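Undergrad: Below are the structure tokens for one structure; questions will follow.
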């Protein structure tokens, strides 16, 4: 018999990533991409000081992953945007240069909220939010029209609590409310960020 669900939620910062166009690859190549993805994601988190001691193990999403970071002083939410995501973009670019046959790009979503657990893993409304964001049709489109190694979307909560305050290393003007998603009866709009050199403002929805 499975263990009962944990009814009291725990706060987590969340990073969801998904490989672009993975369904066009063979299973053999997918296996290689998955191995590289988890390696690069771990390295990017370590660049931000987020060790395995302060995060859950990665949740496997097939062609992506979900990382849940515990609310500890050494892993504040802004570091996900100022250090972890840029580090991941750099790692993807270097990997593409050294292994062009295994190059891939990512959609990335960042959110923070309440998470429940049972013996099958994390679940709850906020987990749904970050997963809907990373899978959003508009985020897929934005990645297609840029040359950047990744495209980032953040939740309204991340924008309210972090980005709009313009903390060091965060340019709040570089985020656009462009990714609509529906979670249950809620309609949310994620804020998108594309690296400066690749962003095309004329392609941003009004």
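The values are calculated or read from the model by the stated rules, or taken from the named source; none is laboratory data. All of these numbers come straight from a predicted model, not from anything done at the bench. Reconstructed Cβ throughout: ideal geometry from the backbone, glycine too, with neighbour counts over all protein chains shown.
Undergrad: Scan the stretch 77-92 and tell me whether some residue there is without any contact (Cβ under 8 Å) to a residue 24 or more places away in the chain and under 14 Å from the mean Cα position of the chain (by Cα).
TA: So far as the stretch 77-92 goes, yes, one or more of its residues are without any contact (Cβ under 8 Å) to a residue 24 or more places away in the chain and under 14 Å from the mean Cα position of the chain (by Cα).
Undergrad: Being in contact (Cβ under 8 Å) with a residue 60 or more places away in the chain, under 20 Å from residue 86 (Cβ atoms) and outside any helix (DSSP H, G or I) is the filter here, so list the residues in the stretch 132-161 that pass it.
TA: Result: 149, 150, 152, 154.
Undergrad: Can you pull out every residue in the stretch 162-180 that is surrounded by 13 or more Cβ atoms within 10 Å (Cβ to Cβ) and not in a strand (DSSP E or B)?
TA: Answer for the stretch 162-180, where residues must be surrounded by 13 or more Cβ atoms within 10 Å (Cβ to Cβ) and not in a strand (DSSP E or B): 162, 163, 164, 167, 170, 172, 174, 175.
Undergrad: Across the stretch 45-71, what is the number of residues that are more than 20 Å from residue 105 (Cβ to Cβ) and in a strand (DSSP E or B)?
TA: 4
Undergrad: Just to be sure, is residue 57 out of contact with any helix residue (DSSP H, G or I) (no Cβ under 9 Å at 6 or more places or on another chain) and at positive phi?
TA: So residue 57 does not fit the description; no.
Undergrad: Just for the stretch 72-97: of the residues that are touching a strand residue (DSSP E or B) at 6+ places or on another chain (Cβ under 8 Å) and assigned to a helix (DSSP H, G or I), which one is nearest to residue 150 (Cα to Cα)?
TA: 89
Undergrad: Would you mind finding the one in 59, 17 that is touching a strand residue (DSSP E or B) at 6+ places or on another chain (Cβ under 6 Å) and crowded, with 20+ Cβ neighbours inside 10 Å?
TA: Selected residue: 17, the only one of 59, 17 that is touching a strand residue (DSSP E or B) at 6+ places or on another chain (Cβ under 6 Å) and crowded, with 20+ Cβ neighbours inside 10 Å.
Undergrad: State all residues of the stretch 181-193 that are exposed (fewer than 14 other Cβ atoms within 10 Å of the Cβ) and part of a strand (DSSP E or B); if no residue qualifies, say none.
TA: Correct list: 182, 186, 187.
Undergrad: Would you pick out the residues in the stretch 22-44 that are touching a helix residue (DSSP H, G or I) at 6+ places or on another chain (Cβ under 9 Å) and assigned to a loop (DSSP other than H, G, I, E, B)?
TA: 25
Undergrad: While we're looking at this one, here's another question. Please find, within the stretch 62-71, the residue that is modelled with the lowest pLDDT out of those that are surrounded by fewer than 17 Cβ atoms within 10 Å (Cβ to Cβ) and in contact with a strand residue (DSSP E or B) (Cβ under 8 Å, 6 or more places away or on another chain).
TA: Step by step, filter the stretch 62-71, then rank; the result is 71.
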